[in-house]
Structures are given as structure tokens and as C-alpha cells.
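The values are calculated or read from the model by the stated rules, or taken from the named source; none is laboratory data. Just so it is clear, the structure is predicted and the values come from calculations on it, not from any experiment. Please note: Cβ atoms are built from the backbone with ideal geometry, for glycine as well, and neighbour counts cover all protein chains shown.
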Amino acid sequence: MGGSLLPMLTINHSNCLSARVGAHGLEPEMLVSGSLAWDRAARATAQLNASRGTGWEVWRDLANNPARGAHVSAVRALAGPARERFENVIVLGIGGSALGNIALHSALKPATYNLMDRARRGGPRLFIVDNVDPSYLGSVLAEVRATDPTYEKTLFNVVSKSGETAETAAQFMIVRGGLAKHGRALKDHVVAITDPTKGTMRSFCDKEGIPTLPVPDGVGGRFSVLSPVGLFSAAVCGVDIEALLDGAAEMDALCSKGDLDSNPGAMLATLLYELGGRGKVNHVMMPYCNGLYLMADWFRQLWAESLGKRFDTTGKEVFAGYTPIKALGTTDQHSQVQLYREGPNDKVFGFITVEDFGDADLTIPTGMGVESLAYLEGKTLSALLNAEQRATAFAFVESQRPSFEIRMPRVDAHHVGAFIYLWEMVTAYAGVFLGIDAYDQPAVETGKVATFGLMGRDGYSEWKDKVEAALGCDSPACGCGA
Ligand code: PA5
């Protein structure tokens with residue numbers, strides 16, 4: 001008990017069990033056939049298998065035909081020529097319209113991708129600008145203009161399902177101005193990914209003749225990475241998007257199984273839900289692989305925005321949710337681990353490890369001649385990295401801190417696709433267990449409409465008044481003293 005061998009990812013949850021972490025873990029009999037958790041998971045699987053492809057669960061079918069075939073061919077038709085023609089691709093988006101792209105690029109391309117010459121890169125440089133910090137967008141545009149002063153070889157990939165998001169709209173308007181200044185037609189330098197039929201971005205693109213790809217109906221931002229939202233920028237950079245979707249489809253099949261012990265999505269959700277009920281409400285994702293660190297950023301949005309809900313589906317106030325935290329091994333062993341072992345015992349740790357780093361692995365040479373360092377000689381860096389992870393898992397057991405491990409054989413498109421789909425399923429299961437709607441985000445609306453009010457959007461002035469009534473006046477020039 002405590003582990004399951006999957007065709008592609010190995011998940012080991014032994015360190016979540018009471019045999020390892022005492023009262024801070026789960027009794028193994030809680031997870032066997034006939035247990036409450038087993039029956040709850042079986043009911044949730046039946047529910048999710050019935051609702052897949054409907055409502056906001058259209059994401060479940062992104063890795064399967066017909067959606068898959070349609071998306072892959074539409075993405076390739078635009079990404080293939082863009083890969084040849086452009087030297088720079090700049091993605092403009094935020095939240096679910098950027099985090100997946102960032103995670104895919106970081107996992108599947110070298111950290112030095114943009115520093116490589118064109119021949120070694122094989123495609124354009126990629127910049128994903130997911131904020132309106134002016135120094136951020138400004139520095140990316142300045143860098144691009146240093147080698148492409150009139151944007152001749154630059155493509156902007158604007159991603160916004162609604163087309164209403166202030167940050168993405170503002171970025172896009174700046175870019176539109178820059179292209180116009182150099183006499184560049186939007187339709188030749190922009191690919192937009194937006195709602196297929198409605199919304200501000202859709203009507204603007206139709207009017208301007210800008211090529212578009214769809215964010216399909218029934219696919220919310222944080223579940224959209226396996227749609228054209230994530231596939232386009234990945235394909236432009238040469239990621240094998242079919243392998244990505246193959247991995248997701250394989251995980252989909254596993255996560256549709258009725259038995260808890262053969263369904264990794266149901267099992268991880270059960271562990272986190274049961275441990276959450278025992279006060280382990282902070283969930284740390286700790287990859288031992290720099291390329292997967294930003295996958296933990298993508299996970300944070302998925303977990304936080306999907307599960308953090310004030311009301312359950314019956315309207316009862318529940319204040320549900322868990323706080324997702326990202327950490328990096330081994331780096332955070334020298335930073336966070338002190339707190340993790342001796343601070344509040346309110347966390348579950350998910351280690352993400354990699355079996356084989358392939359050609360990237362390095363061997364530590366012999367001949368240093370220092371006795372105290374001789375133990376490192378002839379070892380690979382991956383052996384050191386994975387020994388440190390195992391040592392940390394041991395140290396956590398010593399402190400009675402529950403943890404699990406997801407091991408990837410290699411970081412490639414297939415395994416990353418499986419990993420993404422796995423966490424989307426864990427989130428769907430956790431939503432069912434918590435009895436909340438995992439697909440809405442009502443709490444982010446207030447900030448959005450208040451921003452509209454503060455920025456002077458017609459019809460939103462009442463929000464400016466509300467902000468000032470609550471926070472006082474923030475204009476130093478006003479002198480009202482509020
Ligand atoms: O997950 C979500 O729904 C959000 O994070 C959105 O992706 C984000 O707010 C951006 O929205 P849009 O794509 O409409 O610009």
C-alpha cells in the first residue's frame with residue numbers, strides 16, 4: 001500500500017500514511033475498497049465521467065478527438081509559418097491565459113532558450129508578458145527593438161478569452177500603437193486567441209482581419225493550457241504538441257477509472273482532502289527540477305482559484321480551499337525547510353522528481369584532492385539532486401510531516417501533458433469532495449470592477465466612490481486629508 005506504478009508517472013504516497021507520520025497521516029484502511037473515501041471517490045468518478053464534456057468540463061475532452069484534431073491542425077496552420085518567419089514572439093495574457101504557456105515553456109525548453117542563436121533554438125525567441133508593470137513590458141519591447149527596430153520579425157500573440165481583461169487589453173493597445181507607428185498591419189503581426197464567437201477581442205479581430213484561434217466554449221482560463229491557449233506558443237517553439245496531448249489522454253484514461261487505487265487523480269485528491277480535513281490546509285508543490293518550478297506557479301492558480309470558495313453549491317457558507325505554495329528543491333532546503341519541519345504542522349508536501357535528466361546530466365570530475373569532498377567525485381548532479389530529495393522526505397518523516405512524490409521518468413512533452421491533466425483532475429475531484437463550484441471565480445470580480453471605476457470606465461463610477469469611501473482618497477494633490 002502507498003504507491004502506484006503508472007505507465008508514465010510514479011506516485012508514492014507512503015509518507016502520507018500513519019505508519020510513517022503517526023497521527024499526522026492517514027490510516028491505510030481509510031483508502032481500501034469499502035472505506036468511506038473509496039466510496040466517495042467512486043461516486044465522484046461516476047459524476048465526473050457523466051458530466052465530462054458538458055458545462056465547464058469541456059476541458060476534459062481537449063486531448064481527444066474531435067476537439068484535439070481541430071485544434072492541432074488550426075494551431076499548426078498558424079504556428080508553422082510563424083516559426084519560420086518571426087524572430088520574436090511575445091505572448092500577452094494573464095492568469096489562465098499565460099501561466100500554462102509559461103509552465104510549458106519553462107519545462108520543455110532550456111532556461112537559456114532566448115540566449116541561443118537561431119540555429120540552435122530552431123524557432124523565434126519567446127517572451128510571455130503577464131503583467132502591466134511598465135518596466136517589464138517596456139524592457140521586453142526594447143530588447144526586441146534592439147534587433148528588430150520596426151517589428152518586422154515580431155509576432156504578438158494576444159490571449160484573452162473575454163477580451164475585457166484590463167491588463168491584456170492595455171498591453172495590446174500599446175502594441176497596436178507600436179505596430180501602427182511602423183506601418184505594420186495588425187493582421188500580419190498578431191495572432192489572437194479568444195472566444196470563438198463573442199466578446200470584445202473577437203469583434204475587434206474580426207473587424208481587423210486578425211487571425212485567431214479559439215478558447216473553446218466551456219474551457220475556463222485555468223483549464224485551458226491544453227487548448228490553443230497553450231498549444232500555439234508551444235508549437236511555435238517546437239514543442240511536440242501531439243506528445244503533450246498523448247500524455248494527457250493517457251492520464252485521462254487512468255483518471256476515469258472507478259477504483260480509487262487505480263485512479264491517480266482521485267487518489268491525490270482524496271489524500272489532500274482527508275489531510276486538509278485534519279488541518280493540513282497548506283499544500284506545497286516542491287519540484288526537484290528548475291524546469292518544473294513554474295509548473296508549480298500554474299498549479300497555484302489552478303488550486304487557489306478553483307477551490308477557494310466562500311459558499312458551497314447549496315449556498316452554505318463554507319470558506320473552502322487550501323493555500324498552494326511553491327518551493328524548489330534543493331534551493332528551498334536552504335530557505336523554507338526549517339519552517340516546514342519545525343513550524344506549524346499544517347502542510348502536505350508534494351515532491352516532483354525526475355528520474356533521468358538525459359544528456360543534460362553532469363558528472364562531477366575526480367581529482368579534486370580534497371578528502372572531505374571525495375564522496376562527490378564521479379557522481380552525477382542528478383544523483384545528488386535526487387539524494388537530497390530523498391533525504392528531505394526522510395527529514396519530513398522524522399518531523400511527522402506528510403508528503404508524497406510524483407516521479408517523472410523524463411521531463412518531456414508526454415510526461416508534462418500527463419502531469420497537467422493529472423492536476424486538472426485532482427482539482428475537479430477536490431471540487432466535488434468539497435461540494436463547491438471549481439469553475440467560477442466570483443471573488444476576483446470585485447477587484448476588476450473597482451479597477452474599472454478607478455480608471456474611469458463608463459458605467460463604473462460608483463466603484464470609484466466605494467473605493468474612496470472604504471480606503472480614503474489617495475491623491476496627494478487633493479488635500480482633503482481623507
Ligand atoms: O482562470 C481564469 O479564468 C482567469 O485567470 C483568466 O484566465 C484571466 O482572468 C484572464 O482572463 P481572459 O482570458 O478573459 O483575459
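Given (1) in contact with a Gly (Cβ under 9 Å, 6 or more places away or on another chain); (2) of a type in the set (D, E, K, R); (3) surrounded by 15 or more Cβ atoms within 10 Å (Cβ to Cβ), identify the lone condition not met by Arg176.
Just one mismatch for Arg176, condition (1).
What tally of residues in region 222-280 results from selecting those that are within 25 Å of Leu31 (Cα to Cα) and either of a type in the set (Asp, Glu) or within 16 Å of the ligand (Cβ to nearest atom) (or both)?
Qualifying residue count, region 222-280: 5.
Sort through Arg222, Arg202 and tell me the only one that's outside the structural domain of Lys347 (by TED's automatic domain parsing) and touching a helix residue (DSSP H, G or I) at 6+ places or on another chain (Cβ under 7 Å).
Criteria check complete, one pass: Arg222.
Taking only pairs six or more apart or across chains, which ones have beta-carbon atoms under 6 Å, a first residue in region 431-458 that is away from the ligand (no atom under 16 Å from the Cβ), and a second residue that is of a type in the set (Val, Ile, Thr) and modelled with pLDDT of 95 or more?
Every condition considered, the pairs that remain are Gly435/Thr313.
With Ser382, Ser399 as the choices, which residue is over 30 Å from Leu254 (Cα atoms) and touching a residue at least 24 places away in the same chain (Cβ under 8 Å)?
Ser399
Show the residue pairs meeting these rules: Cβ distance below 7 Å; 6+ apart or different chains; first residue within region 295-315 and on the phi < 0 side of the Ramachandran plot and within 16 Å of the ligand (Cβ to nearest atom); second residue among the polar types (S, T, N, Q) and modelled with pLDDT under 95.
As it stands, the answer is Glu305/Gln441, since those pairs meet every condition given.
Identify the single condition in (1) within 23 Å of Ala450 (Cβ to Cβ); (2) crowded, with 23+ Cβ neighbours inside 10 Å that Ala169 does not satisfy, given that it satisfies every other one.
Ala169 satisfies every listed condition except (2).
Return yes when Pro228 is within 25 Å of Ala169 (Cβ to Cβ), in contact with a His (Cβ under 9 Å, 6 or more places away or on another chain), surrounded by fewer than 24 Cβ atoms within 10 Å (Cβ to Cβ) and not small (Gly, Ala, Ser) and no when it is not.
no
Can you pull out the residues in region 300-358 that are assigned to a helix (DSSP H, G or I), within 15 Å of the chain's Cα centre (by Cα) and among the basic types (Lys, Arg)?
Of everything in region 300-358, just one residue is assigned to a helix (DSSP H, G or I), within 15 Å of the chain's Cα centre (by Cα) and among the basic types (Lys, Arg), namely Arg300.
Taking region 424-436 on its own, how many of its residues are closer than 16 Å to Ala253 by Cβ and surrounded by fewer than 21 Cβ atoms within 10 Å (Cβ to Cβ)?
0
Kindly indicate whether any position in region 102-115 is under 30 Å from Phe452 (Cβ atoms) and surrounded by 20 or more Cβ atoms within 10 Å (Cβ to Cβ).
Yes, region 102-115 contains at least one residue that is under 30 Å from Phe452 (Cβ atoms) and surrounded by 20 or more Cβ atoms within 10 Å (Cβ to Cβ).
Got a sec? Which helices (runs of 4 or more DSSP H) wholly within region 385-482 have at least 3 residues that are under 30 Å from Asp346 (Cα atoms) and of a type in the set (Phe, Trp, Tyr)?
By residue number, 413-434.
Given (1) in a loop (DSSP other than H, G, I, E, B); (2) within 12 Å of the ligand (Cβ to nearest atom); (3) among the small types (Gly, Ala, Ser); (4) surrounded by fewer than 20 Cβ atoms within 10 Å (Cβ to Cβ), where does Gly183 come up short, assuming only one miss?
Of the numbered conditions (1) in a loop (DSSP other than H, G, I, E, B); (2) within 12 Å of the ligand (Cβ to nearest atom); (3) among the small types (Gly, Ala, Ser); (4) surrounded by fewer than 20 Cβ atoms within 10 Å (Cβ to Cβ), the odd one out for Gly183 is (2).
Quick grid of which residues meet (1) away from the ligand (no atom under 16 Å from the Cβ); (2) under 21 Å from Val158 (Cβ atoms):
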{"position": "Ala67", "(1), (2)": "yes, no"}
{"position": "Ala79", "(1), (2)": "yes, yes"}
{"position": "Ala82", "(1), (2)": "yes, yes"}
{"position": "Ala98", "(1), (2)": "no, yes"}
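Looking at region 65-144, what helices (runs of 4 or more DSSP H) fall wholly within it and have at least 2 residues that are touching a residue at least 12 places away in the same chain (Cβ under 8 Å), farther than 27 Å from Arg176 by Cα and not assigned by TED's automatic domain parsing to the domain that holds Arg410?
Output list reads 67-85, 99-108.
Okay, residues lined up against (1) within 26 Å of the chain's Cα centre (by Cα); (2) more than 13 Å from the ligand (Cβ to nearest atom); (3) outside any helix (DSSP H, G or I); (4) among the hydrophobic types (A, V, I, L, M, F, W, C):
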site: Lys161; (1), (2), (3), (4): yes, no, yes, no
site: Glu164; (1), (2), (3), (4): yes, no, yes, no
site: Glu167; (1), (2), (3), (4): yes, no, no, no
site: Gln171; (1), (2), (3), (4): yes, no, no, no
site: Ile174; (1), (2), (3), (4): no, yes, no, yes
site: Gly177; (1), (2), (3), (4): no, yes, no, no
site: Lys187; (1), (2), (3), (4): no, yes, no, no
site: Pro196; (1), (2), (3), (4): yes, yes, yes, no
site: Met201; (1), (2), (3), (4): yes, no, no, yes
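For residues that are without any contact (Cβ under 8 Å) to a residue 40 or more places away in the chain and surrounded by fewer than 22 Cβ atoms within 10 Å (Cβ to Cβ), scanning just region 204-221, find the one that is farthest from the ligand (Cβ to nearest atom).
Gly209
Can you tell me which condition Val158 does not meet? The list is (1) loosely packed, with under 15 Cβ neighbours inside 10 Å; (2) modelled with pLDDT of 95 or more, and all the others hold.
Failing condition for Val158: (1).
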